[in-house]
2 protein chains.
Amino acid sequence: MLTCIPFSFIENDGNIKDILLAAWITGASGAILLLNSRRGISNELNKRDGYLIVVLGWLSMSLFGTLPYLITGAIPNFTDAFFETLAGYSTTGASILTDIEAVDKSILFWRSLTQWIGGMGIIVLTVAVLPILGVGGMQLFVAEAPGISPDKLQPRIKETAKRLWYIYLGLTVTETLALWTSGMTFFDAINHGLTTMATGGFSTHNDSIAAFSSPLIQYIIIFFMFLAGTNFTMAYFGLHGQFLKVLKNEEFRFYLLFTLLVSLVVGFVIYGLGNETMEKSFRDGAFQVVSIITTTGYVSHDYTAWTPFVTVLFFILMFVGASAGSTAGGVKIVRHILLIRNSILELKRQVHPSAIIPVRFNGKTVSQEIIYNILAFIMIYILIFALGSIAMAMMGVDFMTAVGSVATSLGNIGPGIGSVGPVDNFAHLPDGGKWLLTFLMLLGRLELFTVLILFTPYFWRKN
Amino acid sequence: MLTCIPFSFIENDGNIKDILLAAWITGASGAILLLNSRRGISNELNKRDGYLIVVLGWLSMSLFGTLPYLITGAIPNFTDAFFETLAGYSTTGASILTDIEAVDKSILFWRSLTQWIGGMGIIVLTVAVLPILGVGGMQLFVAEAPGISPDKLQPRIKETAKRLWYIYLGLTVTETLALWTSGMTFFDAINHGLTTMATGGFSTHNDSIAAFSSPLIQYIIIFFMFLAGTNFTMAYFGLHGQFLKVLKNEEFRFYLLFTLLVSLVVGFVIYGLGNETMEKSFRDGAFQVVSIITTTGYVSHDYTAWTPFVTVLFFILMFVGASAGSTAGGVKIVRHILLIRNSILELKRQVHPSAIIPVRFNGKTVSQEIIYNILAFIMIYILIFALGSIAMAMMGVDFMTAVGSVATSLGNIGPGIGSVGPVDNFAHLPDGGKWLLTFLMLLGRLELFTVLILFTPYFWRKN
């Protein structure tokens, strides 16, 4: 929070005292908790501690994260402030702000920063926590990460997390500089740097990226969104010159080819509408496709205006998600690869019922437990989507808004379809709907199981 | 086809010669195939023969089933005629007819009959063929059927199929008489008898069941739709007085309670709108809920006019389906029970990773292979729904029509949402869309795997 003060100072927006108060409350609460923690009793954390720490950590961060909004009065309503903060920490990017540009810069910086911090949290969650908890096959996705053993927390995992953080920081700085030198103001550049690498999607402009007409700026953002949706381990390999290892990774290959293919298709559709030049058609197509697949959620053009086909396509894309081990949310490509492979192999198993036919990924056999776990993950994902849509509709929103808002929140994307489309915001939803979507953002971000397990008796029962 | 002739004779609609021609072509083709089949070589059918026989059987029935439409000129266009016929044999009930009441009664009877024959086909498919092919866990659902061993085709299966056919026939006759004595014309009564028990949903009236204002008629149809969506084995037990066995069946209990609960919810919503009396509100609610869950597809009221909540709810209901072992299509309730149980248990497995925690159904442990198979079934179902919706939208239809038409075709229901809603028809869709939906009806009806397996190399490769 203190990093927002320079912006408040330069702009002289009178928020300095408010931000200091927010920071003091947060810091003091932390200090009280720290002093009262019984450190001496046990340093050993078990799996159950892990689930609780992750969920409560995200929730308490979001609770304290509302303070700058509430105290400065930028977002006076608690429901809205909590929605905006969790949309930040979960890197979703859905917003209740109706006029972003009217908000003080120091607060906008805080808004962008919540996403960046959320992204850092996801990196450590992916490499260090989820594999141990065995959530949704995450032990598999990071198996190639340098220095990671999926069995238990090792000292080297701390090293790995640090290394990936450096990459995250380095890419953020690089993008910021690239955007700045391409014509953005420094403030816009740093904010978009922070929210791109987190695949967050908060912008400092009401029109999101459509506010920047420079093609160069849009290409830079496309490139960094794509990077942010790549497994950070791949970025690590890339920086160490191990390009062959990157190109051999099946998830990366599929991610690259799928994004290219869908971008081209959408580009052709836009060009066919005849309102844009060929270059702009394919740029807009690529921008929106990459933005949705990586669950960033920036908007360079209203994608719901490009024929019903594109609307349906983008709605389905909300269920894709980018690579595991990136900051992207959603189902993630590796799970789709494994499930589609398994489904095809299930047909083979029908023909040869006595043969044991395992799923393979990156040249290795994937254990049946992991496939089972991923299948359950997807089932719960879809079940929550269905129940969430019904609940949203029960609060009076229309069909497309209901399914769109739930899909985009659960997938940590940002814009949806219907009245929460790319050029709309979430301000008009009923309070109950906002709370539901907030919960779905948290659920999606923490890979469902981490949160849901707290609602089962198995978790609370003494062994 | 010959059974249509009495109606042609009574109405003197001039179709007798045309129907005779259609019947002669069908009969002659059958005779030629029969004479040319090399019966002597092998009487043993293997699994692969099973897949081919089922798919080609359904397709060739539908191909010849178009003849009465085409020759009489009731539906002159082949695409439309094939759509209508497969919507019959697959018991879907989607229609391209814009004015049903203008069609000759003999042809309407043929239309209803295709659904009833389709329903008979499904019964034998469920009890005798699919369990042996091991499709989508069907071996499990009929495990309780009298005289069935899921391992191989036994003489007793023929007996079982016959017994269930008698029940099917008996219920059809009973419903016809009930409807007739309640004020329907004999023609309407027999047609609705045929299409209720098949969970088909073809009506002889443009307004479907809304054409009959008598509450008694609507209650009778609700009751028989519910019966048609019940596992026929349960009906068998019920007729033999073994009510305890029926009430102990977990799928039946869930089916009953779920239908009651959702009917009540929708009834309250309708009553809350203030346009209908309490009795009519709950009757309409129950009618449409039972009609969609059982995948019948009759319409007593435009359900998309009852708030967006009900629209979303009915859209989700299209993915439920009624009981396995009934004539209903869709995913089916037993699969949902097993998957939801498995998903909850997966959370338990997270807490106790070394414990083996099987899913139980009707007091018995369900093998992991079956759960695996069902999970793959659902994955493929959803994947096909997503790809189908994209393909429909690609042909220019809007979002709600795209997702609605695909969901209703794949689930063998009939009406969808959007421009193929309960008071619309499928005539205005582009030809490509009609063919796609026709394929989806077949796919859904034959439990996906049976059809899809023919598209894999595993099927065609020599062992």
Simple SL model, points at 7 angstrom along Cα→Cβ for A:PHE223 and B:LYS158; separation in nm is 7.4 nm
Asked for the total accessible area buried by B and A (1.4 Å probe, Å², nearest 100), one would answer 5000 Å²
For the table A:LYS47/A:LYS158; A:LYS364/B:LYS364; A:LYS248/A:LYS364, the rows whose alpha-carbon distance is greater than 23 Å are A:LYS364/B:LYS364
Area of B:VAL173 that stays accessible when all protein chains are in place (1.4 Å probe, Å², to 10): 70 Å²
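Give the relative contact order (percent, whole number) for the stretch A:333-456; include only Cα pairs under 8 Å separated by 6+ residues. If you can, show how the numbers build up before the last one.
On the way: 105 pairs, mean separation 21.6, N = 124.
Relative CO of the stretch A:333-456 lands at 17 percent.
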Over the stretch A:377-463, how many percent of alpha carbon pairs lie in each 5 Å bin up to the one with the longest distance? 3, 16, 25, 24, 14, 9, 5, 3, 1, 1, 0
Report A:TYR372's accessible area, 1.4 Å probe, all protein chains in place, as a number in Å² to the nearest 10. 10 Å²
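Compute the projected area of the convex hull of the Cα atoms of the stretch A:193-246, averaged over all viewing directions, and report it in nm² to one decimal place. Can you show the working numbers first?
Numbers: hull surface 16.8 nm².
Taking a quarter of the hull surface, the average projection is 4.2 nm².
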Using a 1.4 Å probe on heavy atoms of the protein chains only, the accessible area for B:ASP302 in Å², nearest 10, reads 40 Å²
Taking the label point 7 Å from Cα in the Cβ direction, how far apart in nm is A:GLY272 from each other copy of itself, listed shortest first? 4.2
With 10 Å bins from zero, work out the P(r) of the stretch A:221-318 over every alpha carbon pair and list the percent per bin. 16, 46, 26, 12, 1
Relative contact order %, chain A, counting alpha carbon pairs below 8 Å whose residues are six or more apart: 18 percent
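For the protein assembly as shown, what ratio Rg/Rh do Cα atoms give with a Kirkwood hydrodynamic radius? Please list the in-between numbers first.
Values: Rg = 29.6 Å, Rh = 29.5 Å.
That ratio equals 1.00.
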Could you check the spin-label model distance between A:ASP302 and A:LEU52? Points 7 Å from the Cα along Cα→Cβ, value in nm. 5.0 nm
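Given Cα pairs under 8 Å that are at least 6 residues apart, what percent is the relative contact order of the stretch A:400-447? Don't jump to the answer; show the numbers that get you there.
On the way: 51 pairs, mean separation 20.2, N = 48.
So the answer I get is 42 percent.
Could you give the accessible area per residue of chain B, probe 1.4 Å, as a whole number in Å²? Present the calculation step by step, with values, prior to reporting the outcome.
Values: 17910 Å² over 463 residues.
Value for chain B: 39 Å² per residue.
Using only atoms on other chains, find how many Cβ atoms lie within 10 Å of each Cβ of peptide A:46-54 and report the average.
Details: counts 0, 4, 1, 0, 0, 2, 0, 0, 0.
Average neighbour count from other chains, rounded to a whole number: 1.
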Computed FRET value (nearest 0.05) for A:ASP207 with A:ALA427, which takes r as the C-beta separation and R₀ as 25 Å: 0.95
Would you kindly work out, in nm and rounded to one decimal, the distances from the label point of A:TRP24 to those of the same position in each other copy, ordered shortest first, with label points 7 Å along Cα-to-Cβ? 10.1
Helix hunt in chain B: which complete DSSP H runs extend at least 18 Å axially by C-alpha with mean Kyte-Doolittle at least 1.0? B:16-36, B:215-228, B:250-273, B:368-394
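Let me know the mean shielding of A:300-310 by other chains, meaning the per-residue number of their Cβ atoms within 10 Å of its Cβ.
On the way: counts 0, 0, 0, 0, 1, 0, 0, 4, 12, 12, 3.
If you average over the peptide's residues, the count of other-chain Cβ atoms is 3.
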Take A:GLU276, B:GLU11, B:GLU346 and sort them by solvent-accessible surface of the protein heavy atoms, 1.4 Å probe, largest at the top. B:GLU11, A:GLU276, B:GLU346
Quick one: if the Förster radius is 41 Å, what FRET efficiency do A:PHE268 and B:PHE268 give, using the C-beta to C-beta distance and rounding to 0.05? 0.30
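How big is the Rg/Rh ratio for the stretch A:53-93, C-alpha atoms only, Rh by Kirkwood, two decimals?
Values: Rg = 9.8 Å, Rh = 10.0 Å.
Value, to two decimals: 0.98.
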The lysines whose Cα lies under 27 Å from the Cα of A:LYS434, excluding any fewer than 8 residues away in the same chain, are A:LYS105, A:LYS332
At what distance in nm do the modelled label points of B:ASP99 and B:LEU383 sit from each other, each positioned 7 Å from its Cα along Cα→Cβ? 4.6 nm
Taking each residue of A:398-409 in turn, how many C-beta atoms of other protein chains fall within 10 Å of its C-beta, and what is the average? 3
For the rotation taking chain A to chain B, the chain A residue with the nearest C-beta to the axis, plus the distance in whole Å, reads A:LEU375, 2
Using the Kirkwood radius over C-alpha pairs as Rh, can you work out the diffusion coefficient of chain A via Stokes-Einstein at 4 °C, viscosity 1.567 mPa s, in µm² per second? 57 µm²/s
Just to confirm my numbers, what's the Cα centroid distance between the stretch B:334-372 and the stretch B:154-198 in Å? 37 Å
With the label set 7 Å along Cα→Cβ, A:SER214 is separated from its counterparts in the other copies, in nm and shortest first, by 7.7
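The values are calculated or read from the model by the stated rules, or taken from the named source; none is laboratory data. What you are looking at is a predicted structure, and each value in this text was computed from that prediction instead of being measured. Glycine also receives a Cβ, built like all others from the backbone with ideal geometry; neighbour counts cover every protein chain displayed. The accessibility values were calculated without ligands, DNA or RNA, using every heavy atom of the protein model including side chains. Shrake-Rupley method; radii C 1.70, N 1.55, O 1.52, S 1.80 Å.
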